[in-house]
Amino acid sequence: MFGKPKTKLGIDIGAGGIKLVELQKKKGRPVLFTYAIAPEDLSIHPKEAMVKKPEDLMGDGQPEKDHHDPEMKDSELSEERIQKYATVLKEALKKAKVVARSATVSLPVSAVFHAVVTLPKMDKKSFDSVLKAKVQKLVPLPLEKLSLDYQVIEGGDKKNKTQKILVNAVEKKRVSFYAKIFQEAGLTLESLEPESTALTRTLIGKDKSVSMIVDIGAKRTNFFIVDNGYPITHHSTEVGGEKVNMILQNRLGIEAELVEGVKKDLSNAILFDKNALEKEKFLSMLAPVIDPIVKEIEYSFEVYLRQQGNEAKIPEKIILTGGGSIFPFLTEYIEEKFKKKCFLGDPWARIVHQQSLQPLLNKIGPRMSVSVGLALRDMV
């Protein structure tokens, strides 16, 4: 009689597969409608993307060059690749019984040019042309090949009459690529959003303090410093859950297909019995993954606090998310290292859901943070 309930669908296409969350708004609050995880090896990152390798971080922490998004290659735009992504997405939509016909999808850090630029305050007509000229000096491609999005950061420097602008740019070819995937899957691409924005929305919310989000994915770990509700800095390094799998496989002498089960057992062991694992031995075994993450957190804070206007700021907390964030002892180790509160982010904290689902949602929560944040767009 009243039609289908209006819902919002967020889809996170990551290197380890597709995660989706559909939310329905009831009495002004977001309610969990359905969700799905479709594990699949997807090559979402640009092949020429510039990111830090572990050995870079264990040196002086300085990247050789920024990780700008190169122009998409013809092989990345192939019909075969589009069909592969669409097939995985269609299956996830079907099994989750999704009702939404449009969605917001995430853009990986490696595909987004991100910068905070400072401009003098000026009228709207001059602002657009000055901003574009400024951005063109920073990006590796002509502006006509990019979709540009910007946001004026509130506050500014009233004394010097300047303003800070948060800029995100993505290649138009990549936007077209995602649009074709969604079309094949029977959806309309409502909007594209950087992972950092989605994570800030779901894990930070209205908190204005300086925080860091560490997103440990399958192939890469991303680091975002959030200040006054804005993701100000983006950094990325090539360490993630897959490297943990390799270490466990080699150390324990087990088959690759058994590794995920072992990781779950290890996580359950630390949840239910803190004495079940020897902390120092475990941390030492995973040092090739943990050490570069710690080094990047340190480097990111140093760079941020050296920037003009940030010298007196004090980062308050470090929030971990992503499928690789549930290592035993990791939050405890980082908290001891930086003397700051460190914890696993809870993407469901602002979502109404059945209490009977809580144990399951807790287990999958770190993997769903981006998709929850995407679905919350225009809801909060």
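The values are calculated or read from the model by the stated rules, or taken from the named source; none is laboratory data. Keep in mind that this is a model prediction, so the values were computed, not measured. Cβ sites come from the backbone with ideal geometry, for glycine too, and all protein chains shown count toward neighbours.
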Are there any pairs, at least 6 apart or on different chains, whose C-beta atoms fall under 8 Å, with the first in region 169-191 and assigned to a helix (DSSP H, G or I) and the second of a type in the set (Ser, Thr, Tyr), and if so, which?
-> LYS172/SER147; VAL175/SER147; ILE181/TYR85; PHE182/THR188
Are any of the residues in region 39-49 among the acidic types (Asp, Glu), under 21 Å from the mean Cα position of the chain (by Cα) and modelled with pLDDT under 85?
-> yes
Of the conditions (1) surrounded by fewer than 17 Cβ atoms within 10 Å (Cβ to Cβ); (2) modelled with pLDDT of 95 or more; (3) β-branched (Val, Ile, Thr); (4) within 30 Å of THR162 (Cα to Cα), VAL303 clears all except one; give me its number.
-> (2)
In region 201-228, what residues are more than 23 Å from LYS295 (Cβ to Cβ), in contact with a Pro (Cβ under 9 Å, 6 or more places away or on another chain) and surrounded by fewer than 24 Cβ atoms within 10 Å (Cβ to Cβ)?
-> ILE204, SER209
Out of curiosity, is PRO142 exposed (fewer than 14 other Cβ atoms within 10 Å of the Cβ) and of a type outside the set (Lys, Arg)?
-> yes
Considering region 333-352, residues that are more than 16 Å from LYS295 (Cα to Cα) and either modelled with pLDDT under 95 or in contact with a Gly (Cβ under 9 Å, 6 or more places away or on another chain) (or both), and then whichever is surrounded by the fewest Cβ atoms within 10 Å (Cβ to Cβ), we arrive at ALA349
From SER176, SER196, SER191, SER147, residue being polar (S, T, N, Q), buried (at least 23 other Cβ atoms within 10 Å of the Cβ) and under 25 Å from ILE11 (Cα atoms) = SER196
Which of (1) surrounded by fewer than 18 Cβ atoms within 10 Å (Cβ to Cβ); (2) in contact (Cβ under 8 Å) with a residue 12 or more places away in the chain; (3) in a loop (DSSP other than H, G, I, E, B) does LYS159 not meet, given it meets every other one?
-> (2)
Could you tell me whether region 306-314 includes any residue that is in contact with a strand residue (DSSP E or B) (Cβ under 8 Å, 6 or more places away or on another chain) and modelled with pLDDT under 85?
-> yes
Lone qualifier among ASN275, ASN268 - being assigned to a loop (DSSP other than H, G, I, E, B) and either hydroxyl-bearing (Ser, Thr, Tyr) or modelled with pLDDT under 75 (or both) = ASN275
If TYR150 passes every condition in (1) under 24 Å from ASP378 (Cα atoms); (2) in contact (Cβ under 8 Å) with a residue 40 or more places away in the chain; (3) more than 12 Å from the chain's Cα centre (by Cα) but one, which one does it miss?
-> (2)
Considering only region 82-116, state which residues are surrounded by fewer than 22 Cβ atoms within 10 Å (Cβ to Cβ), of a type outside the set (Gly, Ala, Ser) and in a helix (DSSP H, G or I).
-> ILE82, GLN83, LYS84, THR87, VAL88, LYS90, GLU91, LYS94, LYS95
